[in-house]
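The values are calculated or read from the model by the stated rules, or taken from the named source; none is laboratory data. These numbers come from a predicted model, not from an experiment. A quick note on method: Cβ atoms are made from the backbone with ideal geometry, for glycine too, and the neighbour counts reach across all protein chains shown.
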Amino acid sequence: MKRYEILALAVVLAASAGRLAAQTYRTFAEEYDEVRAKSGVQLGPLKVLPAFRLANVGYDSNVYYADKQDPAVADYTATLSPEVKGYWLLGSSALVSVTENPEWSFYLKEKDLRTLVNSFVPAVRLFLLRRLALSGDYHFLEHFQPATSELGTPVRDLRKGWSAHLFFETPRGTAIGLSGSLEDYAYNNASLPDPEDEISRALDHRERTAAFEFYYRVFSRSSIFATAGATDYDFLDPASSWRNARSYQTYGGFRFPLLGRARGTIALGYKRFIPRTEGLKSFSGLVADTDVALRTGRVGLSLAYTRDNYFSYIDTAYYYIEDRVRGGLAFYILPFLRLEGSCQLGALAYPEAQEVWFHGAPYLVADRRDINRVFSAGLAVRITGSTGLSIGYNIYRRTSNAPGFDIDRNFIGAALAYDF
């Protein structure tokens, strides 16, 4: 994988990591040495590294995740995302970076869903007294989400705020320290121009997080880690203040390097989620965010497992618990051509009874449970280096004991892959 592609992958992981972002921490020496080694465009003191991502280019049979009893809207889609990241090295103890990442989502027929968003992240890292690493960033991360298992409509989401880290680091790569963040989450229905829509009222909130983190290098580029922290959730709309909550979580696991036969992270933990409103059900138990890949010879294997609780946009549902496991297999017919397939099984469980509307009538659903199944198969062709073009067919099926949520969706399309 070329260095600018590694950067693109790292940015994607950092943008999507959410509550487990601490697991992506790298020491000052790791990042500093990698920036120096990168081949990019030199503009005075700035080293500029461009990247480009292309995804969801194809045909979607059910854009709005309509119930299979209702007519579905099909369309042709594409997501284009160029990126520019600039680094400025100040001596051997300071690193300044800035990332600009616009993203355009295209729909051929559903023109109201065509969306241009942008993410912007300036960051500073300092290395003091040969042991203390101080870093901070401001992030403005705007994305367009197609309809998902829980959200039956495309959504524009914004996460903005700051984060800071203070770590004691050793030359061997061990790191121990504290981190904190304050982030505002905002959502709105992408097909509605009014930002004060139902999704916005239900989900817009602020999160304050503080955590203790520990990383210990066990091999040249791998490490074990442990984190423990607390998060406070405050909802912005007064009508949603009953959703306010706090949580305590701890994680432990193993992190493989970005490159090599084995890649990814194994992370398991325990979480306790406590609503501030009396009478609402709390959550406590296993949480996970594991995603690993292994290649040996012509065969590539991948395994992912995710479990956590998430706020629901349904006003009476409060939150849901999602379990999701995925297995994948790739076979390299030739060095530049591989067959690939995967199977994902998931479940969404809603602890609170909820009221849902179906064909104009309300239904009270207790112990709602949705079962999701995703099957995909295709092939990928190497374009250059470790970059390839992946073409595949994706089948999504969901069944639910709540009316209106039995969904069939098929997608055939292409995307750029960076893991050859």
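I'd like the full set of residues that are assigned to a strand (DSSP E or B) and not acidic (Asp, Glu), limited to segment 290-299. Correct list: 290, 292, 293, 294, 295, 296, 299.
I need the strands (runs of 3 or more DSSP E) fully contained in segment 1-105, keeping only those with at least 1 residues that are of a type in the set (Phe, Trp, Tyr), touching a helix residue (DSSP H, G or I) at 6+ places or on another chain (Cβ under 9 Å) and at pLDDT 90 or above.
Working: elements: 41-43, 46-60, 75-90.
Those strands (runs of 3 or more DSSP E) span 46-60, 75-90.
I'm trying to understand the selection: among the residues of segment 394-418, which are in contact with a Gly (Cβ under 6 Å, 6 or more places away or on another chain) and surrounded by fewer than 17 Cβ atoms within 10 Å (Cβ to Cβ)? Listed by number, the list holds a single entry, 412.
Scanning segment 127-152 for residues that are within 18 Å of the chain's Cα centre (by Cα) and under 19 Å from residue 348 (Cα atoms) yields 145, 146, 147, 148, 149, 150, 151. The residues in segment 220-259 that are within 30 Å of residue 386 (Cβ to Cβ) and out of contact with any Lys or Arg (no Cβ under 7 Å at 6 or more places or on another chain) can be counted, and the count is 9. Quick one: is residue 161 at positive phi, part of a loop (DSSP other than H, G, I, E, B), surrounded by 14 or more Cβ atoms within 10 Å (Cβ to Cβ) and of a type in the set (Gly, Ala, Ser)? The answer is no for residue 161. You will find that of 303, 334, 389, the residue that is of a type in the set (A, V, I, L, M, F, W, C), under 20 Å from the mean Cα position of the chain (by Cα) and surrounded by fewer than 18 Cβ atoms within 10 Å (Cβ to Cβ) is 303 and no other.
Among the residues making up segment 289-299, those that are under 24 Å from the mean Cα position of the chain (by Cα) and either surrounded by fewer than 16 Cβ atoms within 10 Å (Cβ to Cβ) or free of Cβ contacts under 8 Å to residues at least 40 places away in the same chain (or both) are 290, 291, 292, 294, 295.
Residue-wise test of (1) over 22 Å from residue 55 (Cα atoms); (2) at pLDDT 95 or above.
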| position | (1), (2) |
| --- | --- |
| 368 | yes, no |
| 377 | no, yes |
| 387 | no, no |
| 394 | no, yes |
| 419 | no, no |
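Among residues of segment 145-157 that are at pLDDT below 75 and of a type in the set (D, E, K, R), those with a Cβ under 8 angstrom from a residue that is surrounded by 19 or more Cβ atoms within 10 Å (Cβ to Cβ) and not in a loop (DSSP other than H, G, I, E, B), sequence gap 6+ or separate chain, pair up as 150/320; 150/348.
The strands (runs of 3 or more DSSP E) found wholly in segment 189-268 and carrying at least 2 residues that are among the β-branched types (Val, Ile, Thr) and modelled with pLDDT of 95 or more occupy 223-235. Residues in segment 104-120 that are free of Cβ contacts under 8 Å to residues at least 24 places away in the same chain and touching a strand residue (DSSP E or B) at 6+ places or on another chain (Cβ under 9 Å) were compared, and the one that is nearest to residue 92 (Cα to Cα) is 120.
Among the strands (runs of 3 or more DSSP E) confined to segment 300-375, the ones with at least 3 residues that are in contact (Cβ under 8 Å) with a residue 40 or more places away in the chain are located at 319-334, 337-349, 354-358. Among the residues of segment 137-151, those that are surrounded by fewer than 16 Cβ atoms within 10 Å (Cβ to Cβ) and either of a type in the set (Lys, Arg) or farther than 17 Å from residue 204 by Cβ (or both) comprise 138, 148. Scanning segment 60-90 for residues that are acidic (Asp, Glu) and under 20 Å from the mean Cα position of the chain (by Cα) yields a single hit, 83. Could you grab me the full set of residues in segment 221-252 that are of a type in the set (Ser, Thr, Tyr), touching a residue at least 12 places away in the same chain (Cβ under 8 Å) and farther than 15 Å from residue 210 by Cβ? Scanning segment 221-252 gives 222, 223, 240. Scan segment 337-378 for residues that are polar (S, T, N, Q) and over 22 Å from the mean Cα position of the chain (by Cα) and the total you get is 1. Pairs are defined by a Cβ separation below 8 Å, a sequence spacing of at least 6 or placement on different chains, a first member in segment 196-220 that is farther than 18 Å from residue 249 by Cα and in contact (Cβ under 8 Å) with a residue 12 or more places away in the chain, and a second member that is polar (S, T, N, Q) and crowded, with 19+ Cβ neighbours inside 10 Å; the pairs so defined are 199/153; 199/188; 200/188; 202/312; 216/223; 217/223.
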